[in-house]
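The values are calculated or read from the model by the stated rules, or taken from the named source; none is laboratory data. Note that the structure is predicted; figures quoted are calculated from it, not measured. FYI the Cβ positions are ideal-geometry reconstructions off the backbone, even for glycines, and counts take in every protein chain you see. When the accessible area is computed, the model is the full protein with side chains, heavy atoms only, and any ligands, DNA or RNA have been set aside. Shrake-Rupley method; radii C 1.70, N 1.55, O 1.52, S 1.80 Å.
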Amino acid sequence: QFGRTEVIDNSLNPDFLRKFVLDYFFEEKQNLRFDLYDVDSKSPDLSKHDFLGQAFCTLGEIVGSAGSRLEKPLTGVPEKKCGTIILLAEELGNCRDVATLQFCANKLDKKDFFGKSDPFMVFYRSNEDGTFTICHKTEVVRNTLNPVWQAFAIPVRALCNGDYDRAIKVEVYDWDRDGSHDFIGEFTTSYRELARGQSQFNVYEVVNPRKKMKKKKYLNSGTVTLLSFAVESDHTFLDYIRGGTQINFTVAIDFTASNGNPSQSTSLHYLSPYQLNAYAMALKAVGEIIQDYDSDKMFPALGFGAKIPPDGRVSHEFPLNGDAANPACSGIEGVLEAYHRSLRSVQLYGPTNFAPVVNHVARSAAAVLDGSQYFVLLIITDGVISDMAQTKEAIVNVSPAGQWVPLEGVRGPAGVGVLRAVWGATASWALDAPNPVVPPRPPQFVPFRDYVAGPGSPVLSMARLAKDVLAEIPDQFISYMKARGIK
């Protein structure tokens, strides 16, 4: 159990306030379960309360939904409609955001006997335990009851620790040379309020609680107005996903004869009735995570290096579902079905040519350059690339302008470790280009065998594989968006 919300009395449409802070990892499958109860007593024992239903999902599903808002039907009570749960996620600790604010005040209390006040403001952020920590002090404006303070920049994290609804307390003082500054009054706000900018919402009454208690007719000790608000941020991977960018996931599978005869247990393509083969395991591990970021869950799936029916010609870009016009399969399960069907109908052959599948995805990627889609190609292979020169050329020429389109080469080799040698060759791709461009990084090789032979259960081994295959995508994604100036 991770945590519980507060109890909301007498409501069938509760809007829970309590937030739960979870560490989010793009490259991991983070399963969540939500259980709802109708509380009948003060007992913390859940069995003493009525179970109303539950919902299951992954954290990726929530953040990958439109606006990071996921609606799920509640289930678990037989023959009963249990209602709906709505899950919302927001990224905390946008610690790279910097807010610039400017304030002025009007008709502050006069504190000095001979002249007007010398006002300054002190900002405090609230902590989890209800205490306050000072986070900013303005300069002193001399001899005025209507000061205009200079604009100041402050990291959003310092102001509210990334929680936009947390209270921010502001105290206004009259500066004295001896350090015994006179308290004029205070007000509270929040980052979410301040972010509305200059408006009637951001005019605050400065109140001195002691004066308020003493004087019945006391209204305030002046007002403070927000003159301007601006925030600059380095956008994160999740900002783009929330903004609607879709991850397009294409898989390409090696059907060359070096994989071994699928009817024999030594083959990497072995069709066992009892367990998934190496290719299916790698595909499932990576696909189950990445599918949360693709709203239509339709995944193009290609094969290369086989003789295909009806005429037995060799193809390096054939659709696993048999439909050349639309090679997309429904969900990862659909890809696995099409893969198993292909294994029964094609003849494993060769050579191991990558260029056709790279060009296939590159054509799709080149048609969408506005950042609304991002393309990831997973090539699962067992051997040495036969068309190295053409593959280099395909990756360098991935777009007519010589600019890299959003295409990641992320491969999980199913077999031997010979791909180590290929790594050295791929690292020099940028240098071989006629007009050198700087690639995001050479495609990443992840040797499957290291995981299968590793310690732990197959499920954990596959989770580690997926993690290593996908870990670099958010950074590569951000560097691509920055390079193209896509906000």
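Would you mind telling me the share, in percent, of accessible area of the stretch 119-166 contributed by carbon and sulfur at probe 1.4 angstrom?
48 percent
Quick one: accessible surface of K110, probe radius 1.4 Å, all protein chains present, in square angstrom to the nearest 10.
110 Å²
Got a sec? What order do E171, E6 fall in by accessible area at 1.4 Å, biggest, i.e. largest, first?
Greatest to least solvent exposure: E6, E171.
Hey, got the Cα dimensions of the chain along the principal axes, in Å, largest first?
100, 66, 41
What distance in nm separates the two pseudo spin-label positions at N13 and S228, each 7 Å out from Cα along the beta-carbon direction?
Once both label points are built, they end up 4.2 nm from each other.
Once both axes come from the Cα atoms, what is the angle between helix 355-366 and the longest principal axis of the chain, in degrees from 0 to 90, rounded to 10?
Rounded to the nearest ten degrees, it is 30.
From Cα pairs below 8 angstrom and at least 6 apart in sequence, can you work out the relative contact order of the stretch 1-93, rounded to a whole percent?
Averaging sequence separation for qualifying contacts and normalising by length gives 19 percent for the stretch 1-93.
Taking all protein chains in place and a 1.4 Å probe, what share, in percent, of the accessible surface of the stretch 184-329 do carbon and sulfur account for?
Its accessible area is 51 percent carbon and sulfur atoms.
Per residue, how large is the accessible surface of the chain? Use a 1.4 angstrom probe and give square angstrom.
Per-residue accessible area for the chain comes out at 52 Å².
On a 1.4 Å probe surface of the protein chains, which of E317, E79, E128, E71 comes out largest in accessible area, and what is the full order?
The ranking, largest first, comes out as E79, E128, E71, E317.
Which of the listed residues, P78, A66, L52, is farthest toward the dipole's positive end in the stretch 22-141, when Lys, Arg count +1 and Asp, Glu count -1 at the beta-carbon?
The residue sitting farthest along the positive end of the dipole is A66.
Taking a 23 Å limit on the Cα-Cα distance, which of the listed pairs K284/K307; K29/K297; K80/K297; K137/K482; K19/K297; K110/K217 fall beyond it?
K284/K307; K80/K297; K137/K482; K19/K297
If DNA, RNA and ligands are ignored and the probe is 1.4 Å, what is the ranking of W149, W175 by accessible area, most exposed first?
Of W149, W175, the descending order of accessible area is W175, W149.
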